[in-house]
1. For the stretch 1-75, which fully contained strands (runs of 3 or more DSSP E) count at least 1 residues that are at pLDDT 90 or above and within 21 Å of VAL271 (Cα to Cα)?
2. For the stretch 328-340, state whether one or more residues are within 9 Å of the ligand (Cβ to nearest atom) and in contact with a strand residue (DSSP E or B) (Cβ under 8 Å, 6 or more places away or on another chain).
3. If VAL271 satisfies all but one of (1) within 19 Å of LYS370 (Cα to Cα); (2) within 14 Å of the ligand (Cβ to nearest atom); (3) at pLDDT 95 or above, what's the number of the condition it fails?
4. Are any residues in the stretch 1-16 within 6 Å of the ligand (Cβ to nearest atom) and either on the phi < 0 side of the Ramachandran plot or surrounded by fewer than 24 Cβ atoms within 10 Å (Cβ to Cβ) (or both), and if so, which ones?
5. Residue under question is ALA89, and the condition is that it be away from the ligand (no atom under 14 Å from the Cβ) and part of a helix (DSSP H, G or I); does it hold?
6. Looking at this structure, is ILE96 touching a strand residue (DSSP E or B) at 6+ places or on another chain (Cβ under 7 Å), crowded, with 16+ Cβ neighbours inside 10 Å and touching a residue at least 12 places away in the same chain (Cβ under 8 Å)?
7. Scan the stretch 110-142 for residues that are touching a strand residue (DSSP E or B) at 6+ places or on another chain (Cβ under 7 Å), of a type in the set (Gly, Ala, Ser), in contact (Cβ under 8 Å) with a residue 40 or more places away in the chain and closer than 23 Å to LEU303 by Cβ and jot them down.
8. If you check GLU186, GLU168, which single one turns out to be in contact with a helix residue (DSSP H, G or I) (Cβ under 9 Å, 6 or more places away or on another chain) and either without any contact (Cβ under 8 Å) to a residue 60 or more places away in the chain or acidic (Asp, Glu) (or both)?
Amino acid sequence: MFDVIIAGCGPTGALLAAELRLHDVRVLVLEKETEPVSFVRIVGLHIRSIELMAMRGLLDRILEHGRKRPAGGFFAAIDKPVPEGLDSAHTYLLGIPQPVIVRLLEEHAVRLGAQVRRGCAVAGFEQDDDGVTVELADGEQLRSRYLVGCDGARSTVRKLLGVGFPGEPARTETLMGEMEVGVPREEIAAKVAEVRETHQRFWLRPFGEEVYSVLVPAAGVSDRAEPPTIEDFRQQLRVITGTDFGVHSPRWLSRFGDATRLAERYRVGRVLLAGDAAHIHPPIGGQGLNLGVQDAFNLGWKLAAQVRGWAPEPLLDTYQAERHPVAEDVLDNTRAQTELLSTEPGPQAVRRLLTELMDFDEVNRHLIEKITAIGIRYDFGAGPDLLGRRLRDIGLKQGHLYDRLHRGRGLVLDRTERLTVEGWSDRVDLIADPTAALDVPAVLLRPDGHVAWIGEHQQDLDDHLSRWFGLP
Ligand SMILES: Cc1cc2nc3c(=O)[nH]c(=O)nc-3n(C[C@H](O)[C@H](O)[C@H](O)COP(=O)(O)OP(=O)(O)OC[C@H]3O[C@@H](n4cnc5c(N)ncnc54)[C@H](O)[C@@H]3O)c2cc1C
C-alpha cells in the first residue's frame, strides 16, 4: 500500500514525488519507458522555476549543467532587453536540456526516498472510498490512497478518468532534430539569415562541434507518435530554403504540433492530473515544462497534508482553483504568440505594432512577468497586492529566505518579533528578524512560497494558520 502513486517520471512526476517525500509520504512513481529519454528538447527554466529549485536547495546542482541567458526576448521571439529591476534574485533564463532536468529531479526524488519503477505503464485503475487500485500493463495490481497522472500529453490517466480535454487540434507541425550537415558553416549562416526574414519556424544552429540543431515546418499535420525520418527533413529543408544542406547522421529526430487543450478538471475524487496530462500548447516561449513543475510544487504539499491528515477540508481543491486559471492564461499567451509568428500580412502588422509597444517598459515587463510566471497572483481574497503573490528571495539577518524553505514547510517571517506559531510548529517555521527586507510587519508563506497572510496580530495569524495548515 502506497500513499501516492504517480504515473509518469517526466519533470512533473519527478518533482511531485520529491515534494511529497519532504513530508514522508510513501510514493511510487511508475514510468512506462525502461530508460530515461535522451530526446533533447532545448528547454529553458524560467525565473519562477529557477526560484523553486533555489527554494529546495537544488539550484547549484542545476546551474552546473545549464547556461545562463538573458531573460528577455521570449514573447513571440520579439527581441527586447530584460526590463530593469525585475523583482527576483534570478533574472535570467537557464538553458538546460530536458533529459538533464529530468535526471536531476529524479535523483532528487530518489535521494529523498521515492521509489521509481521503470518499464511499468499504468493501464487502468479503479477508485473507491479508501483508495485507488492501479493496474499495470502486465496485469499487476497496486494499491494507493491517491493516484496522480503526470503521464504527459497523451495521458492514459486522463483518458480513463473520462475528463474532457477541449481545445484546438494541431494546425501546424514542426520537425526538430540534431544532425550533421554537408556544407560550410558560412554558407549555412547566410542562407539561414535570409530564410528567417520570412520564416519564424525555421533554424539551423550549430550545436557542438559537428552537430546542428534543425527546426523546419513539416509537410502537414499527422497525429503520429513515431519520429520523422531524415528524408522528411531533407524534403522540407528543400521546400523552405531550396537546399537540404546535405544533412545526414541524425542524433535524434522528433516532431511536435501546436494543439492547445486544457483538461476540464484536475481532480476526480482520489485521482489528480498535473503537467502536460492537464494542459498542452505550442512550445513558443518555452513554458510547458515550467508550468508542469509549478503544478507539482502547488500540489505536493497539499496532497501531503491530505495524506498526513492535517489538511483543512478545501485545501486539495485549491490546487485546481489556483492552477487551472494559470494554465488558461499560458494557453492564451501561446495562442497570441502563434498568431504573431504567422507570415500573413495582418498578424505581421500586429507584430510590428506590439514590437513598438514593447519599447514601453511596462508592456515589456508585463509580458516577461507572464512568461516567467513571476507575475502570478492567486486569489486569496481581498488584501494588499503582495497577498497571493510569491515572495522573492530576500536577505535575512542570517542568509537568505529561500535557504530556509528547503524542507517544504510553511514559514512565518516576523519583523515584529512578537509572533509565534505554537500549535503548528510541526509544519510551520518561524523566523523573527527585524532586519528582513520586507515592507510589511509579518507574512505567512505557504510551502510553495506564496504569501498567504500579511499582518501583525497573533489572533489574525492563528486564523490564517488554521485556514492553510489545519487545526493546531
Ligand atoms: C520542441 C519542444 C521544445 C520545448 N521547449 C520547452 C521549453 O523551452 N520550456 C518548457 O518549459 N517547456 C518546453 N517544452 C514542453 C515540455 O517538453 C513539456 O511541457 C514537458 O515535458 C511536460 O512534462 P511532463 O512531466 O508533464 O510530461 P512528459 O515530459 O511528457 O512526461 C510524461 C512521462 O510519463 C510517461 N508515461 C506516459 N504514459 C504513461 C503510462 N501510461 N504509465 C506510466 N508512465 C507513462 C512518459 O514516458 C513520460 O516519461 C518543449 C516541448 C517541445 C516539443
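1. Details: elements: 2-7, 27-31, 42-45, 67-70.
Passing ranges, in order: 2-7, 27-31.
2. First pass over the stretch 328-340, keeping only residues within 9 Å of the ligand (Cβ to nearest atom): none.
No, the stretch 328-340 contains no residue that is within 9 Å of the ligand (Cβ to nearest atom) and in contact with a strand residue (DSSP E or B) (Cβ under 8 Å, 6 or more places away or on another chain).
3. It is condition (1) that VAL271 fails.
4. Correct list: ALA7, CYS9, GLY10, PRO11, THR12, GLY13.
5. Values: away from the ligand (no atom under 14 Å from the Cβ): yes; part of a helix (DSSP H, G or I): no.
When the stated conditions are applied, ALA89 does not pass them.
6. Details: touching a strand residue (DSSP E or B) at 6+ places or on another chain (Cβ under 7 Å): yes; crowded, with 16+ Cβ neighbours inside 10 Å: yes; touching a residue at least 12 places away in the same chain (Cβ under 8 Å): yes.
Yes; evaluated as a whole, the condition is true for this residue.
7. Of the stretch 110-142, the ones touching a strand residue (DSSP E or B) at 6+ places or on another chain (Cβ under 7 Å) are 110, 114-118, 120-127, 131-137, 141-142.
Now restrict to residues that are of a type in the set (Gly, Ala, Ser): 114, 121, 123-124, 131, 137.
With in contact (Cβ under 8 Å) with a residue 40 or more places away in the chain added as a condition, the list becomes 114, 121, 131, 137.
Of everything in the stretch 110-142, those that are touching a strand residue (DSSP E or B) at 6+ places or on another chain (Cβ under 7 Å), of a type in the set (Gly, Ala, Ser), in contact (Cβ under 8 Å) with a residue 40 or more places away in the chain and closer than 23 Å to LEU303 by Cβ turn out to be ALA114, ALA121, GLY131.
8. On the way: GLU186 fails: in contact with a helix residue (DSSP H, G or I) (Cβ under 9 Å, 6 or more places away or on another chain).
Unique residue meeting the criteria: GLU168.
The values are calculated or read from the model by the stated rules, or taken from the named source; none is laboratory data. Because the structure is a prediction, the values reported are computed rather than measured. Glycine also receives a Cβ, built like all others from the backbone with ideal geometry; neighbour counts cover every protein chain displayed. Calculation scope for accessible area: heavy atoms of the full protein, side chains included, ligands and nucleic acids excluded. Shrake-Rupley method; radii C 1.70, N 1.55, O 1.52, S 1.80 Å.
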